[in-house]
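Contents: one structure, followed by commentary.
The values are calculated or read from the model by the stated rules, or taken from the named source; none is laboratory data. It should be emphasised that the depicted structure is a prediction, and the values quoted were computed from it without experimental measurement. For neighbour counting, all protein chains shown are included, and Cβ atoms are generated from backbone atoms with ideal geometry for every residue, glycine included.
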Amino acid sequence: MKLSGTITKVSGPLVVANGLADANVSDVVRVGEQRLIGEILNMTGDSASIQVYEETSGLGPGAKVETTGMPLSVELGPGMLENIYDGIQRPLPAIESHMGSFIERGAHEPSLDTAAKWDVTVTVKAGDTLTPGQIYATCPETPAIEHRCMVPPTVSGTVTWVADNGSYTVNEPIVKLTDAKGKEHTLTLCQKWPIRTPRPSAERMTSPRPLITGQRVIDTMFPLAKGGAAAIPGGFGTGKTMTQHQIAKWCDADIIIYVGCGERGNEMTQALQEFSELVDPRTGKSLMDRTVLIANTSNMPVAAREASIYTGITLAEYYRDMGYHAAMMADSTSRWAEALREISGRLEEMPADEGYPAYLPSRLAEFYERAGYVRTLNGAEGSVSVIGAVSPQGNDFSEPVTQNTKRFVRCFWGLDKSLAYARHFPAIHWLTSYSEYLNDLSHWYQDNVSPKFVDYRNRLMALLNQESSLLEIVKLIGSDVLPDDQKLVLEIARVIRLGFLQQNAFHPDDTCVSMEKQFLMMDTILYLYKQARTLVTMGHPMSVLKSENIFDRVIAIKYDVPNNRPEMFAQYHRDIDAFYQHVLEKNA
Ligand code: ADP
């Protein structure tokens with residue numbers, strides 16, 4: 001077997017080596033004396049092009065390359081939550097404690113702590129027949145999440161031996177089983193899975209429920225289904241990272257996988273600090289209890305960035321298979337696409353749009369298609385939702401990454417530079433954004449929030465659309481000539497924009513808002529519109545209506561009504577009635 005070869009060329013993260021006749025595409029290789037980790041991208045004869053996940057300086061022709069014969073895989077087991085990994089699942093905290101802050105090349109640290117003991121409950125017994133995906137043991141991974149060890153998708157058989165309940169490390173045997181061919185398999189608390197292969201499930205389903213994020217413009221206007229995929233494109237400073245952080249902090253997924261892909265290093269540090277200080281509102285425990293961070297800042301090698309997306313989604317699928325709802329955030333997929341472009345350029349492949357490789361669309365499709373709401377192999381329901389940030393250069397949404405991403409996601413939150421400039425956050429523009437999940441989810445909203453929810457949401461949207469056409473007229477001839485009913489539309493649309501769509505991530509109450517409050521806010525705004533419209537129809541001028549400060553009071557509801565005081569909304573209805581009476585009397 002020709003499993004080791006010699007480097008003939010080094011070009012940045014790309015290494016070409018000869019003499020690897022028996023290696024295969026996608027094999028992981030060890031490069032040079034430092035045994036840097038790489039992956040074979042393509043083979044011509046016995047020559048392999050290898051992308052190396054670590055800095056290649058100092059490497060030259062003549063150095064040795066060895067293939068491991070295995071595809072790039074992650075190790076899945078307890079201890080992943082609360083951890084911080086790089087793009088190829090090396091645990092950064094463990095490496096730091098051994099090596100200090102500057103990670104040396106070729107660092108080899110097991111992805112899961114091999115010394116940690118887990119309090120294991122074995123859920124099967126000798127004689128049981130196990131099928132792929134079946135749970136054979138559980139252990140509390142963090143105070144919030146129970147880890148469920150599953151038979152690997154490729155294994156089945158009859159149990160011949162089980163360990164007693166007790167405390168075990170990830171590599172100790174827990175269950176032994178013999179398959180139909182008589183081969184014995186030993187199951188531990190962990191398993192490996194190749195990151196570029198989606199993990200199998202029994203059935204893909206239409207998602208019955210939204211991923212609730214506590215952000216009004218998302219939950220009410222452009223909701224994402226659990227198991228759905230959303231893109232959030234926006235130029236520099238429009239709030240991509242902030243929105244991703246808000247979703248990671250507040251969404252109702254069980255598991256959060258946050259991939260910081262090629263973004264600025266200090267933003268990752270900020271995420272780390274914020275997440276570890278925050279308390280999960282549902283469990284009262286640390287938010288890190290349900291979170292895995294994958295950090296690939298812009299100063300790490302490009303190839304590792306490419307892998308981090310796959311590492312992230314594989315981890316998410318693994319928790320999905322346990323019956324959890326996982327959400328993965330990737331910030332930003334543009335940096336990943338740029339990594340593809342760089343490697344493709346070095347491979348001297350024929351470039352397509354703006355220098356990106358011709359396979360960019362298929363790579364994006366493969367990635368977003370791994371989102372989904374599924375019945376798992378063991379019959380449970382689980383989901384992976386994906387939220388990918390895109391950073392188009394110069395805010396130009398017609399560039400290839402944004403355009404191709406749009407083809408594969410059904411939810412699009414377009415960030416707008418002028419909104420961000422005007423400090424309207426989240427700068428998700430209501431006229432360019434959309435969600436195709438709305439129809440699928442309308443039942444959920446009707447049953448769980450209010451039968452009127454979808455109707456109210458559509459009425460707000462209609463008012464915003466009316467505003468947009470009226471503003472065209474105003475631009476030409478000014479607002480004075482508009483009839484009062486149209487002036488009222490402009491005023492109510494202002495209430496919707498400032499009072500409902502705008503949401504302050506730094507305000508303790510406004511940062512995350514329950515569906516109940518979102519609904520009651522819509523209800524109050526629409527009640528104000530109804531009463532004001534009656535007054536306008538009766539001939540009361542807008543100037544009189546505006547002289548009452550009721551519009552601004554309704555805008556301030558988001559700050560003035562705490563999340564846990566829904567009963568306060570009744571007072572606003574009384575105030576609107578009082579306003580109505582007052583205008584009537586004033587003009588009597
Ligand atoms: P990007 O990642 O697109 O470059 P950021 O997420 O860093 O942009 O956002 C830039 C700034 O916008 C933040 O520092 C913050 O001041 C402001 N911002 C974004 N979203 C919000 C929000 N929901 N509430 C308040 N401020 C926000």
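Numbers below:
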| quantity | calculated |
| --- | --- |
| Sole residue being in contact with a helix residue (DSSP H, G or I) (Cβ under 9 Å, 6 or more places away or on another chain), aromatic (Phe, Trp, Tyr) and farther than 30 Å from HIS245 by Cβ, chosen from PHE500, PHE551, PHE569 | PHE551 |
| Answer from LYS406, LYS417 - the residue that is modelled with pLDDT under 95 and either among the acidic types (Asp, Glu) or more than 16 Å from the ligand (Cβ to nearest atom) (or both) | LYS406 |
| Selected residue (criterion: farthest from the chain's Cα centre (by Cα)) from residues of the stretch 294-332 that are of a type in the set (D, E, K, R) and farther than 24 Å from ALA358 by Cα | ASP321 |
| Failed item in (1) in a helix (DSSP H, G or I); (2) away from the ligand (no atom under 16 Å from the Cβ); (3) more than 22 Å from PRO198 (Cα to Cα), with SER398 passing the rest | (1) |
| Some residue of the stretch 478-486 being surrounded by fewer than 19 Cβ atoms within 10 Å (Cβ to Cβ) and touching an Asp or Glu at 6+ places or on another chain (Cβ under 7 Å) | no |
| Within the stretch 154-204, strands (runs of 3 or more DSSP E) holding 1 or more residues that are without any contact (Cβ under 8 Å) to a residue 60 or more places away in the chain and of a type in the set (Lys, Arg) | 175-178 |
| Filter pass, VAL390 being farther than 27 Å from ILE40 by Cα, in contact (Cβ under 8 Å) with a residue 40 or more places away in the chain and more than 16 Å from the ligand (Cβ to nearest atom) | no |
| Sole residue being surrounded by fewer than 18 Cβ atoms within 10 Å (Cβ to Cβ) and under 15 Å from LYS240 (Cα atoms), chosen from SER418, SER450, SER391, SER398 | SER418 |
| Any hit, the stretch 333-353, residues being more than 24 Å from PRO233 (Cα to Cα) and under 21 Å from the mean Cα position of the chain (by Cα) | no |
| Check on VAL217, more than 22 Å from ILE256 (Cβ to Cβ) and either of a type in the set (A, V, I, L, M, F, W, C) or buried (at least 22 other Cβ atoms within 10 Å of the Cβ) (or both) | no |
| Some residue of the stretch 272-292 being of a type outside the set (Phe, Trp, Tyr) and in contact with a Gly (Cβ under 7 Å, 6 or more places away or on another chain) | no |
| Search result, residues across the stretch 359-374 that are outside any helix (DSSP H, G or I) and either of a type in the set (Asp, Glu) or surrounded by 15 or more Cβ atoms within 10 Å (Cβ to Cβ) (or both) | GLU369, ARG370, ALA371, GLY372, TYR373, VAL374 |
| One residue from GLU96, GLU104, GLU109, GLU75 being within 19 Å of ALA304 (Cβ to Cβ), modelled with pLDDT under 90, of a type in the set (D, E, K, R) and in contact with a Lys or Arg (Cβ under 7 Å, 6 or more places away or on another chain) | GLU109 |
| Set LYS517, LYS546: member being more than 30 Å from PRO223 (Cα to Cα) and among the charged types (D, E, K, R) | LYS546 |
| Exclusive hit being modelled with pLDDT under 95 and closer than 23 Å to TYR318 by Cβ, set PRO152, PRO143 | PRO143 |
| Answer residue from the stretch 206-232, given it is part of a loop (DSSP other than H, G, I, E, B) and within 20 Å of ASP280 (Cα to Cα) and is farthest from the ligand (Cβ to nearest atom) among those | LYS226 |
| Hits in the stretch 141-169 - residues which are exposed (fewer than 13 other Cβ atoms within 10 Å of the Cβ) and more than 37 Å from the chain's Cα centre (by Cα) | ASP164 |
| Only listed residue being within 16 Å of the ligand (Cβ to nearest atom), surrounded by fewer than 23 Cβ atoms within 10 Å (Cβ to Cβ) and either modelled with pLDDT of 95 or more or of a type outside the set (Phe, Trp, Tyr) (or both), chosen from GLU172, GLU267, GLU203, GLU184 | GLU267 |
| Residue count, the stretch 233-256 (criterion: touching a Lys or Arg at 6+ places or on another chain (Cβ under 7 Å) and within 9 Å of the ligand (Cβ to nearest atom)) | 3 |
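Yes or no, residue by residue, for (1) farther than 19 Å from MET461 by Cα; (2) surrounded by fewer than 16 Cβ atoms within 10 Å (Cβ to Cβ); (3) out of contact with any Cys (no Cβ under 8 Å at 6 or more places or on another chain):
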position: GLN503; (1), (2), (3): no, no, yes
position: CYS512; (1), (2), (3): yes, no, yes
position: LYS517; (1), (2), (3): no, no, yes
position: SER547; (1), (2), (3): yes, yes, yes
position: ASP552; (1), (2), (3): yes, yes, yes
